[in-house]
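A.B. asks: First the structure, then my questions, so here it is.
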Amino acid sequence: MHKSDDMCIYPHNQVYSCKNETMKPEAEAGQIALKEERHQYILELLGSEGRVLAADLSSRYKVSEDTIRRDLRELASSGKIQRVHGGALPRRVEAVPFVSRQQIDMESKIGIARAAADMIRDGQVVLIDGGTTNLRIASYLSRERSATIVTNSPPLALALADHLRLSVLMLGGNFLKEARVTTGIETIRQIESIRADLCFLGMCSLHPEVGITVGDREEAYVKQAMIAASTEVVGLTSLGKMGTYLPYVVGPASRLTRLITDASGEDALNPYRSQGIEVTST
């Protein structure tokens, strides 16, 4: 069993809140007649609480449980939530191979990678995790920048080959082919020997309650080591990965010091700001 600060994750990927807090008070005054409004409130509650129960929603919004169940079915069919018995959980996604991810959210990744590259300063030691967004940092990093880049991503190391003023340290280990990264105890031991000024963490999934999650256990261990070895930890993620989760927990979202994302809505960003994370919206 993996735990984040306020969530417990049990087998079969069901997520249960460990909090004793009450649900948010939206629309307590009366019935919500419009289906679109109910859907929006359900998604907001799911984002802040980590789960919703049909009975609670029915009581709060003063509509029948049959109506709520229809709402949940429609949200699930549109891919916005994951239905479970009696309620719903955040949308669970499947791990996508590196090659396929290169073609997803291409425009968003450009803005996020450009903002990340602008953070790197001369003389810094920078850990850069694997991932297709992180790979794009090489395209926007100044050729005049003098820094040390430490990475477990062979594609990124190769992309930085023409940055003549950079020192590039490629972390060894077992090569995880689908993710195009190195993992394992050798990778972790090398990371533990480094104290980085900055870490750009590859983000497979991010949820304010469930935390930072990935699809591979060994990759989760490497990310944990990167976080522990870095003064500042920056998560790079597109809106489509937010509010989702995968089986293996890296840690709570609060382990990030900054989040760079293309998301702009306050409902999407405030749950992270409330945990002390500085958010940069591209």
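The values are calculated or read from the model by the stated rules, or taken from the named source; none is laboratory data. Being a predicted model, the structure only gives us computed values, none of them experimental. Calculation scope for accessible area: heavy atoms of the full protein, side chains included, ligands and nucleic acids excluded. Shrake-Rupley method; radii C 1.70, N 1.55, O 1.52, S 1.80 Å.
A.B. asks: At a 1.4 Å probe radius, carbon and sulfur cover how many percent of the accessible area of the stretch 123-282? It would help to have the intermediate numbers written out before the result.
C.D. replies: Working: 2900 of 6250 Å².
So the carbon and sulfur contribution to the accessible surface is 46 percent.
A.B. asks: With every protein chain kept in place and ligands, DNA and RNA left out, what is the accessible area per residue of the stretch 124-242? Probe 1.4 Å, answer in Å².
C.D. replies: Details: 4560 Å² over 119 residues.
I get 38 Å² per residue for the stretch 124-242.
A.B. asks: In addition: How much of Y41 can a 1.4 Å solvent probe reach, expressed as accessible area in Å² and rounded to 10?
C.D. replies: 60
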